[in-house]
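I have placed the structure first, in the form of structure tokens, so that the comments after it can refer back to it.
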Amino acid sequence: MDYDALCEEQLDGLRAAGNYRVFAELERRRGHFPNAVRHVDDRVEEVTVWCSNDYLGMGQHPEVVSAMHDALDAYGAGAGGTRNISGTHHQHVLLEREMADLHGKEAALIFTSGYVSNWAALGTLAGRLPNCVVLSDADNHASMIEGIRHSKAERHVFRHNSPEDLDRILSTLDPARPKLVAFESVYSMDGDIAPIAELCDVAEKHHAMTYLDEVHAVGLYGPRGGGIAEREGLMHRLTVVEGTLGKAFGVVGGYIASSASIVDFVRSFASGFIFTTALPPAVAAGAIASVRHLKNSNVERVQHQERVQKVRRRLGALGIPMMENESHIIPVMVGSARHAKLISDRLLSDHGIYVQPINYPTVPRGTERLRITPSPVHSDDDIDRLAKALSDIWSECALARREMAA
């Protein structure tokens, strides 16, 4: 049996469809975000990154870097074990207190990534609560889907952002059963925002728990960066809030915030928490510095939104088709895996602009796109260069433009 040949056959299928992923080998340089160095064979090239999830550039912030340096010098590199066996450091405890405070909850629990926090928390809650049934938004992230699948609980998928469909499904279920409604606030590929209040109305009507993924919103929205739920004054209505430390907070890790009992329940039963080495203390220290800074500073959020709107206006004036939304994510719609990769390759090779193409299975076939994420530190010149390069390549590819209003 030639196992390599079996693998290569499927890889060839990805290449033929234009869905094979090629990584850009980058070096982020401290103090120079969003600029980076790209390694190509035996040479290096300067690039401007337009697709980072370090939305506010906090991974380069002096307070974050300094906190990590100090912690590394004080505590060393690793945590030394799982949280259960010698790996719970004082920095972990402080970080969990910060996250609970950010979301107005009694307690929080940190994980090694946002993916793990969703997988572990949803898998544990839905799997161990007796006869629990899960209601999952149709566009939920893979980590949520995997967690729900892992739980082996009965699950129903409701139409994306549809309180009406959620109500229809919940109305068919036994009122006495435990129920969990899982959805996101900002959806990462389309950039649309959930009707949180309306979904909470339906969940409360049917006595269901609510589980909100705020991964693409924490740090970015709300007066202290608590996310969309904080911005809309709804955090008290959410049973569990899940987030990440690896996007707007600029470090790495995931977490949940909830009641003390629910957090303790996940802590005590989730294999994804129990059996993995804890985050390095220096990472936790950096996350604490980032969260504390963004709780008290609105400067980055204001600048971020201003840059987002400027990019939208520039691309809109050129007729570049974008998916409309109210968030910071700008999906430039291409509609072809081959063209999306071609545009991305040309932006990188000819203009030093890095925007990763987004293809199936991340998005449905026929909706391939470039996902642009402006930051507060992209300059006017960066925006001008992006707009001109994208417009020129768009014309060369003979792709349709959106008609501009007269």
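The values are calculated or read from the model by the stated rules, or taken from the named source; none is laboratory data. Bear in mind the structure is a predicted one, so any value in this text is a computation, not a measurement. Neighbour counts run over all protein chains shown; Cβ positions are idealised from the backbone, glycine included. Just the protein is used for accessible areas: all its heavy atoms, side chains included, with ligands, DNA and RNA removed. Shrake-Rupley method; radii C 1.70, N 1.55, O 1.52, S 1.80 Å.
Restricting to the chain, compute how many DSSP beta bridges are antiparallel as a %, nearest 5.
If I count the DSSP bridges inside the chain, around 60 percent turn out antiparallel.
By how many degrees, 0 to 90 and rounded to 10, does the Cα axis of helix 281-296 deviate from the longest principal axis of the chain?
Here the helix axis deviates by roughly 80 degrees.
How far, in nm, would the chain grow between Met323 and Asp73 when pulled straight, counting 0.36 nm per residue and subtracting the alpha carbon separation?
85.4 nm
How large, in Å, is the chain by the Kirkwood hydrodynamic radius built from its alpha-carbon pairs?
Taking the inverse mean of 1/r over all distinct Cα pairs, the chain comes out at 22.4 Å.
Under a point-charge model restricted to the Cβ atoms of Lys and Arg (+1) and Asp and Glu (-1), what is the dipole moment magnitude of the chain relative to its Cα centre, in debye to the nearest 20?
The calculation lands at about 400 debye.
What does the extension gain come out to for Arg97 and Leu14, with contour length at 0.36 nm per residue minus their alpha carbon separation?
Extending this stretch completely gives an extra 25.4 nm.
Kindly report the accessible area of the chain per residue (heavy atoms of protein chains, probe 1.4 Å, no ligands, DNA or RNA), in Å².
Normalised by residue count, the accessible surface of the chain is 44 Å².
Kirkwood Rh, segment 35-189, all Cα pairs: how many Å?
Computed over segment 35-189, the radius equals 19.3 Å.
To the nearest whole percent, what portion of all C-alpha pairs in segment 163-264 is separated by more than 24 angstrom?
In whole percent, the share of Cα-Cα pairs in segment 163-264 beyond 24 Å is 23.
Regarding segment 81-160, what are the three Cα extents along the principal axes, ordered largest first, in Å?
Cα spread of segment 81-160 along its principal axes, largest to smallest: 41, 27, 23 Å.
Note down the magnitude of the dipole of segment 120-172 about its Cα centre, charges +1 on Lys and Arg C-beta and -1 on Asp and Glu C-beta and zero elsewhere, to the nearest 20 debye.
260 debye
For n ≥ 4 DSSP H runs only, could you compute -39500 (n - 2.57) per run for the chain, divide by its residues and tell me the 222 nm figure to the nearest 500?
-13000 deg cm²/dmol
Loop only per DSSP, at most 13 neighbouring Cβ atoms within 10 Å: give me the chymotrypsin sites (Phe, Trp or Tyr not before Pro) in segment 237-342, ordered by residue number.
Phe275
Within segment 349-406, which trypsin sites (Lys or Arg not before Pro) sit in a loop by DSSP and count at most 10 neighbouring Cβ atoms inside 10 Å?
Loop-located and lightly packed - none at all.
Across segment 122-182, how large is the tail of the calculated P(r) beyond 14 Å, expressed as a percent of all Cα pairs?
49 percent
Taking Cα centroids, how far is segment 269-318 from segment 373-404 in Å?
25 Å
Length gain on complete extension for the stretch Asp41 to Asp4, per 0.36 nm per residue less the alpha carbon to alpha carbon distance?
Fully extending the segment from Asp41 to Asp4 adds 10.8 nm.
Which of the trypsin sites (Lys or Arg not before Pro) across segment 114-210 are loop residues per DSSP, with 10 or fewer other Cβ within 10 Å?
Filter output for segment 114-210: Lys152.
Keeping the other protein chains in place, figure out the carbon and sulfur percent of the accessible area of the chain, with a 1.4 Å probe.
It is 53 percent, rounded to a whole number.
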